[in-house]
Amino acid sequence: MINEVIKKNGITYGVMIGIASTLITATIYAIDLNLFTAWWMGLLGIAISLTISILLLSKTKKELNGIFPFKEAFTTYFIAAVIGILISTTFNILLFNVIDPSAKETLSELMIKYTVNMMQKFGSPASVINETIAKMKVSNPYSTLELLKGSIFAIVISCIFGLIFAAFFKSKTTQE
């Protein structure tokens, strides 16, 4: 069974991560949809999530009196990450498919413009740019299915971070 401290902290901090992500998305939505294409907004979201995760693991290790094996450290992080991702994904599904479905069309157009500008800056041929635009117009990255696929990808990436954090925060073993 999972230790109660690990479960409690994982759930609590997972909710915190989910709420932080939801607040960031809601703020961007309310201020300016163009901010969804700003690379630094993505970095801000990642930084907040990683900071909360570090606080989670530090607190949990302290509450376990420094006895924090790799498996427990990873489990703590994983619980929080999955809960945070599920809350964020649920909010995004509601926002872009129930509350304001027209926002996803606006965002798709903004993403196309952003991608074209980036491709032009890197000197991509017009044929490649046109092909990319055609593919982007067919896709719907804010549909429920695509958001769910994105959440699975986010969980996989979180596992990588979880392995790194677990290796860093695990208690040191003493071998005699």
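Taking the Cβ of I129 as the centre, find all other residues whose Cβ is under 13 Å away and add up their charges (Lys, Arg: +1; Asp, Glu: -1).
On the way: positive: K113, K121, K135, K137; negative: E131.
Result for the local shell: +3.
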| note | In whole angstrom, largest first, the equivalent ellipsoid semi-axes that the Cα gyration tensor gives for the stretch 89-153 are 26, 12, 9
| field | Charge dipole magnitude, Cβ of K and R +1, D and E -1 - the chain, Cα centre, debye nearest 20 | value | 380 debye
| field | For the stretch 54-176: relative contact order, % (alpha-carbon pairs under 8 angstrom, 6 or more apart) | value | 48 percent
| request: Determine the alpha carbon to alpha carbon distance for each of K113/K149; K61/K104; K7/K113; K71/K104; K121/K149 and list only those over 32 Å. | output: K61/K104; K7/K113; K71/K104
| Pairing the Cα long axis of helix 126-138 with the longest principal axis of the chain, what angle in degrees results, from 0 to 90 and rounded to the nearest 10? | 70 degrees
| said: Output the 0 to 90 degree angle, nearest 10, between the alpha-carbon long axis of helix 102-121 and the longest principal axis computed from the alpha carbons of the chain. | reply: 80 degrees
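For the stretch 23-105, with every protein chain kept in place, what is the accessible area per residue (1.4 Å probe, Å²)?
Numbers: 4380 Å² over 83 residues.
Value returned for the stretch 23-105: 53 Å² of accessible area per residue.
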| query | Which of S124, S151, I87 sits farthest toward the positive end of the charge dipole of the stretch 64-176, with +1 on the Cβ of Lys and Arg and -1 on the Cβ of Asp and Glu? | reply | S124
| request: For the stretch 39-95, give the percent of accessible area contributed by carbon and sulfur heavy atoms, probe 1.4 Å, rounded to a whole number. | output: 77 percent
| note | Ranked by GNM mean-square fluctuation in the chain (Cα springs under 10 Å), the top entry among L43, L33, L94 is L43
| query | What whole number of Å gives the distance from the Cα centroid of the stretch 98-156 to the Cα centroid of the stretch 1-50? | reply | 22 Å
| field | Gyration tensor (alpha-carbon) shape descriptor, the stretch 24-176, a/c threshold 1.5 | value | prolate
| said: I'd like the orientation of helix 4-31 relative to the chain: the angle between its Cα long axis and the longest Cα principal axis, in ° from 0 to 90, rounded to 10. | reply: 20 degrees
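What value, in deg cm²/dmol to 500, does the helix sum -39500 (n - 2.57) over DSSP H runs of n ≥ 4 give at 222 nm once divided by the residues of the chain?
Working: 6 runs with 137 residues, N = 176.
The helix-only estimate for the chain comes to -27500 deg cm²/dmol at 222 nm.
The values are calculated or read from the model by the stated rules, or taken from the named source; none is laboratory data. None of these values were measured; they are calculated from a predicted model. We place every Cβ from the backbone using ideal geometry, glycine too, and count neighbours over all the protein chains shown. Quick note on the areas: whole protein, heavy atoms, side chains included, nothing else; ligands and nucleic acids left out. Shrake-Rupley method; radii C 1.70, N 1.55, O 1.52, S 1.80 Å.
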